[in-house]
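Participant: Quick one: structure below, then a few questions.
The values are calculated or read from the model by the stated rules, or taken from the named source; none is laboratory data. Since this is a predicted model, take the numbers as computed values, not measurements. Neighbour counts are summed over all protein chains in view; Cβ atoms, including those assigned to glycine, are modelled from backbone coordinates with ideal geometry. Keep in mind that these areas ignore ligands, DNA and RNA; they rest on the heavy atoms of the full protein, side chains included. Shrake-Rupley method; radii C 1.70, N 1.55, O 1.52, S 1.80 Å.
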Amino acid sequence: MHFDIVTGLPDLLRGPLDHSILRRAITEQIISIEIHDLRNYGIGKNRQIDDYQYGGGAGMVLMVEPLDRCIEALKRVRTYDHIIYLTPDGKRLKQKMANQLSLGTNLMLICGHYKGIDHRIRENHVTLEVSIGDYVLTGGELAAMVLVDAVSRLIPGTMNDGTSALTDSFQDGMLAPPVYTRPSQYKGWKVPQILLSGHDQKIEDWRRQKALERTRHIRPDLLESDD
C-alpha cells in the first residue's frame, strides 16, 4: 500500500512515521509513504499557497492552483484508488471504511488547513471526503495520520499477529471484550477464572458475551447501526 500525503506543513507528519508499527511497516516495505510539500507548487517567489476567501469572512483558504498542480503531478505517476480530502464535513471514518481502503493499492490524502481548500478541488479531484469526528482541528495533518494508521494496521504483515486486528473493537460491530495479563492476582484483583481454564470455546463464548455487554452499556448505538 502506498500513501501520498499533500500538506502545507510537512514537518507535522514526520514524527508519527518514525516510531512503532508504522516505522516497522515502512522499513519492511509493507507500506510506503511520501509527504509532498504543497509549497513546492506555490505561486510566486514566496510560494504562496493560501489566500483570502471570496465573499469575505475570517480565515484563509488553500488556493486551487497549487493543489491542482500537485495533484496532477502525482496522478501522472500513479493511479489512485481514492483521492481523499480530510475534512470535518466528510464521511465519518469507521472500521468498515478502513477495512475497505486497506484493500487498495494507492491512496492520496489531502490535508486542509485554515478554512479548508478551494471547493473546486473537491469538485474536480477528490473522490472521498473523510472526517475523523465531529470536531474541528487546526489542519488535516493529524487526521491524515489517524487514517494512515487505521488502514496500515490492517495490511497483512504490519501487525506481528495477523489475527490481532480482526479482534479489535468495531470489527464485528461491537466493542472489544476486557483483556488481562500476568499476574493473575494483584492487590486482590483477580483475572476471571474462565480465562485461566484453557478451554478455548468457553473462553471465546465469554469474550463474546462480555463484548456484547460492554457495547450495550457504552455504545448501544453500534447495535442499532447498519453501517
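Participant: Among the residues of segment 210-227, which ones are without any contact (Cβ under 8 Å) to a residue 24 or more places away in the chain and surrounded by 12 or more Cβ atoms within 10 Å (Cβ to Cβ)?
Facilitator: In the first step, residues of segment 210-227 are kept if they are without any contact (Cβ under 8 Å) to a residue 24 or more places away in the chain; the result is 213, 216-217, 220-221, 224, 226.
Result: Glu213, Arg216.
Participant: I'd like to check something: does segment 145-157 contain any residue that is of a type in the set (Gly, Ala, Ser), buried (at least 17 other Cβ atoms within 10 Å of the Cβ) and in contact with a strand residue (DSSP E or B) (Cβ under 6 Å, 6 or more places away or on another chain)?
Facilitator: No, that holds for no residue.
Participant: For the condition farther than 24 Å from Leu12 by Cα and within 12 Å of the chain's Cα centre (by Cα), what is the one hit in Met159, Met97, Met145?
Facilitator: Met97
Participant: Does at least one position in segment 16-32 carry a residue that is surrounded by 15 or more Cβ atoms within 10 Å (Cβ to Cβ), under 16 Å from His113 (Cα atoms) and either in contact with a strand residue (DSSP E or B) (Cβ under 7 Å, 6 or more places away or on another chain) or not hydrophobic (A, V, I, L, M, F, W, C) (or both)?
Facilitator: No: segment 16-32 contains no residue that is surrounded by 15 or more Cβ atoms within 10 Å (Cβ to Cβ), under 16 Å from His113 (Cα atoms) and either in contact with a strand residue (DSSP E or B) (Cβ under 7 Å, 6 or more places away or on another chain) or not hydrophobic (A, V, I, L, M, F, W, C) (or both).
Participant: Which of the residues that make up segment 187-197 are more than 35 Å from the chain's Cα centre (by Cα) and either exposed (fewer than 10 other Cβ atoms within 10 Å of the Cβ) or assigned to a loop (DSSP other than H, G, I, E, B) (or both)?
Facilitator: Of everything in segment 187-197, those that are more than 35 Å from the chain's Cα centre (by Cα) and either exposed (fewer than 10 other Cβ atoms within 10 Å of the Cβ) or assigned to a loop (DSSP other than H, G, I, E, B) (or both) turn out to be Lys187, Gly188, Trp189, Gln193, Ser197.
Participant: Let me ask something else about it. Could you please let me know if Glu129 is open to solvent by 20 Å² or more (accessible area, probe 1.4 Å) and over 22 Å from Gln95 (Cβ atoms)?
Facilitator: So Glu129 fails the test.
Participant: Separate question: For segment 1-15, name all the residues that are over 19 Å from His113 (Cβ atoms) and assigned to a loop (DSSP other than H, G, I, E, B). Spell out how you get there, then give the answer.
Facilitator: Keep residues of segment 1-15 that are over 19 Å from His113 (Cβ atoms), which gives 1-2.
Across segment 1-15, the qualifying residue is only Met1.
Participant: Now for a different question. Of everything in segment 198-227, what is in a loop (DSSP other than H, G, I, E, B) and either within 30 Å of Lys94 (Cβ to Cβ) or touching a helix residue (DSSP H, G or I) at 6+ places or on another chain (Cβ under 7 Å) (or both)? Give them in sequence order. Step through it out loud before you land on a result.
Facilitator: Within segment 198-227, the subset in a loop (DSSP other than H, G, I, E, B) is 198-199, 219-220, 225-227.
Within segment 198-227, Arg219, Pro220, Ser225, Asp226, Asp227 meet the criteria.
Participant: Could you go through segment 160-167 and let me know if any residue there is at pLDDT below 95, open to solvent by 100 Å² or more (accessible area, probe 1.4 Å), aliphatic (A, V, I, L, M) and within 26 Å of Met97 (Cα to Cα).
Facilitator: yes
Participant: Hey, can you tell me all the residues within segment 41-89 that are open to solvent by 20 Å² or more (accessible area, probe 1.4 Å), in contact with a Ser or Thr (Cβ under 9 Å, 6 or more places away or on another chain) and not charged (D, E, K, R)?
Facilitator: Thr79, Tyr80, His82, Pro88
Participant: Go through segment 106-127 and count every residue that is in contact with a strand residue (DSSP E or B) (Cβ under 7 Å, 6 or more places away or on another chain) and closer than 17 Å to Leu74 by Cα. Outline the logic, then answer.
Facilitator: From segment 106-127, those in contact with a strand residue (DSSP E or B) (Cβ under 7 Å, 6 or more places away or on another chain) are 106-118, 122, 125-127; that's our starting set.
Within this subset, residues satisfying the condition of being closer than 17 Å to Leu74 by Cα are 106-111, 122, 125-127.
Summing the residues that are in contact with a strand residue (DSSP E or B) (Cβ under 7 Å, 6 or more places away or on another chain) and closer than 17 Å to Leu74 by Cα in segment 106-127 gives 10.
Participant: Looking at segment 24-53 only, could you name the residues that are part of a helix (DSSP H, G or I) and within 23 Å of Tyr80 (Cα to Cα)? Walk me through it before giving the result.
Facilitator: Looking only at segment 24-53, we keep the residues that are part of a helix (DSSP H, G or I), and these are 24-27, 38-41.
Within segment 24-53, Ala25, Ile26, Thr27, Leu38, Arg39, Asn40, Tyr41 qualify.
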